[in-house]
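**Student:** Please find one structure pasted underneath; my questions will follow.
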Amino acid sequence: MYNEINNNYTNNEDLFSSGGLVPYRSVGFDCEWVTIDGKRNPVSLVQLSSYDGYCALIRLNHLKQVPDSLKEFLEDTEIYKVGVAPSQDANYLFCDYSVGLRSTLDIRHIVLKCGYNHGGLASLAKSQLGVILDKSWRGEFN
């Protein structure tokens, strides 16, 4: 699957154009990194998802630099990046890659405003969608 996706989007301009990933002007957003012996390594993965189910996984640790198109996309003030604690991810992206993430929205604030119990994303998914989020690294992958 990775090679298929990689081959389909060799031109980053197509992937990050307003018609490609974000017709609704918002995306799901998350970053991942590894901490070893209490020391955080640079952000290794950026995850983006669209309303219609498209998901992009950008492995920054395999790139020499952040592509200009991705940097422009993440810094675009007209595209909201929605996630859990995106400000922390923004700080790490800036420290590690000089990417100034703009227009973030922390879903936890919406949950509290709507009167739902705050218990994290997994709890919210279960109570509101009836979906169990399995974040186990031992999960099966197709």
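The values are calculated or read from the model by the stated rules, or taken from the named source; none is laboratory data. Here the structure is a predicted model, which is why all the values come from computation and not from measurement. No Cβ is skipped: glycine too gets one built from the backbone with ideal geometry, and neighbour counts run over all protein chains shown.
**Student:** Mind checking which residues of region 28-73 are of a type in the set (S, T, N, Q) and either within 18 Å of N91 (Cα to Cα) or not in a helix (DSSP H, G or I) (or both)?
**Tutor:** Correct list: T35, N41, S44, Q47, S49, S50, N61, Q65.
**Student:** Please enumerate the residues belonging to region 74-93 that are of a type outside the set (A, V, I, L, M) and either surrounded by fewer than 17 Cβ atoms within 10 Å (Cβ to Cβ) or not in a loop (DSSP other than H, G, I, E, B) (or both).
**Tutor:** Of everything in region 74-93, those that are of a type outside the set (A, V, I, L, M) and either surrounded by fewer than 17 Cβ atoms within 10 Å (Cβ to Cβ) or not in a loop (DSSP other than H, G, I, E, B) (or both) turn out to be E75, T77, E78, Y80, K81, G83, P86, S87, Q88, D89, N91, Y92.
**Student:** Continuing with the same structure: So which of S87, S69 is within 16 Å of the chain's Cα centre (by Cα) and under 16 Å from A56 (Cβ atoms)?
**Tutor:** Criteria check complete, one pass: S69.
**Student:** Before we move on, is E13 of a type in the set (D, E, K, R) and modelled with pLDDT under 80?
**Tutor:** yes
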